[in-house]
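For reference, the structure discussed in these notes is given below.
The values are calculated or read from the model by the stated rules, or taken from the named source; none is laboratory data. Just so it is clear, the model here is predicted, and its values are computed rather than measured. Here Cβ is always computed from backbone atoms with ideal geometry, including for glycine, and neighbour counts include all displayed protein chains. What goes into the accessible areas is simple: the full protein's heavy atoms, side chains included, and nothing from ligands, DNA or RNA. Shrake-Rupley method; radii C 1.70, N 1.55, O 1.52, S 1.80 Å.
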Amino acid sequence: MLPILYRDDLLIAIHKPANLLVHRTVLDRHETRFAVQLLRDQIGQRVYPVHRLDKGTSGALLFALDKDAGRELSWQFERQQVQKRYLAVVRGHPDAEGLIDHPLSRRPDDLEWIGEKVETAPQAAQTRYRTLATVELPIMVERYPSSRYALLELEPLTGRRHQLRRHLKHIAHPIIGDSTYGKGRHNRMFADQLDCRRMLLACLEMELTHPVSGAPLRIACPLEAGFSALIERLGWTDAARDAGIELTI
């Protein structure tokens, strides 16, 4: 059962676990489980995804229960009118805070890989980040006797495909567990030494406007148990709670 974070007559938000696709994709043909199908079967009615989370990302995922509401919500995301907050564990110790302003080439949507040629010119992309906590582990991963990691709060100001993952790679602080943009040695260390085999990126909350009432709507999502346990193991529990992050321990 997918945990339901919010529901009314037009909207439903769930806590998507890591390693679950939102919908069927030609890029991952072998997967048989999708959030769209699972939620539809769980509540007994059709649902319309209005944004996406990558397969490896956990956290708040919003659906519409009506086509018109879905269209309006999709427009809010496309117009960058939805505020989102994420949490990530990255390699290294970034600055205390910063703004990553780095254009990203467009990555086609699943259905655009077939058919017409897609324009892939770079698009403006901005991500604001804040370092919540850091740690230095006495484990040699590369050429140093110890390895540094940080807990980051992320706010994407634009909505480009894989934006957070690509931006953090750009500043040389890739997300742990990211097999595409991350560092394999560090990913393997977290799997072997810390029993963590997922991408450490989660959508904590989003703020938007209800498509019918026009009222502001905030959807918050607790951090799932495995991610929370890792934060506790690295000594970051107080820092996470001070930032208003709800842990599942």
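Remark: pairs (first residue in region 204-218, without any contact (Cβ under 8 Å) to a residue 40 or more places away in the chain; second residue open to solvent by less than 50 Å² (accessible area, probe 1.4 Å) and not in a loop (DSSP other than H, G, I, E, B); Cβ separation under 8 Å; 6+ apart in sequence or on different chains) = 216/208; 218/205; 218/206. Is it fair to say residue 158 is open to solvent by 60 Å² or more (accessible area, probe 1.4 Å) and not in a helix (DSSP H, G or I)? For residue 158, the condition - open to solvent by 60 Å² or more (accessible area, probe 1.4 Å) and not in a helix (DSSP H, G or I) - is not met.
This table checks each residue for (1) surrounded by 19 or more Cβ atoms within 10 Å (Cβ to Cβ); (2) within 30 Å of residue 146 (Cα to Cα); (3) among the small types (Gly, Ala, Ser).
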| residue | (1), (2), (3) |
| --- | --- |
| 15 | yes, no, no |
| 38 | no, no, no |
| 63 | yes, no, no |
| 70 | yes, no, yes |
| 78 | no, no, no |
| 82 | yes, no, no |
| 88 | yes, yes, yes |
| 96 | no, yes, yes |
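Within region 103-130, which residues are modelled with pLDDT of 60 or more and among the hydrophobic types (A, V, I, L, M, F, W, C)? Listed by number, the residues that qualify are 104, 121, 124, 125.
Can you tell me which residue among 152, 137 is modelled with pLDDT of 95 or more and under 22 Å from residue 55 (Cβ atoms)?
On the way: 137 fails: under 22 Å from residue 55 (Cβ atoms).
The unique qualifying residue is 152.
With respect to residue 43, determine if the residue is closer than 17 Å to residue 205 by Cα, at pLDDT 95 or above, surrounded by 14 or more Cβ atoms within 10 Å (Cβ to Cβ) and β-branched (Val, Ile, Thr).
Working: closer than 17 Å to residue 205 by Cα: no; at pLDDT 95 or above: yes; surrounded by 14 or more Cβ atoms within 10 Å (Cβ to Cβ): yes; β-branched (Val, Ile, Thr): yes.
No; evaluated as a whole, the condition is false for this residue.
Within the set 229, 172, the sole residue that is in a loop (DSSP other than H, G, I, E, B), open to solvent by 40 Å² or more (accessible area, probe 1.4 Å) and modelled with pLDDT of 95 or more turns out to be 172.
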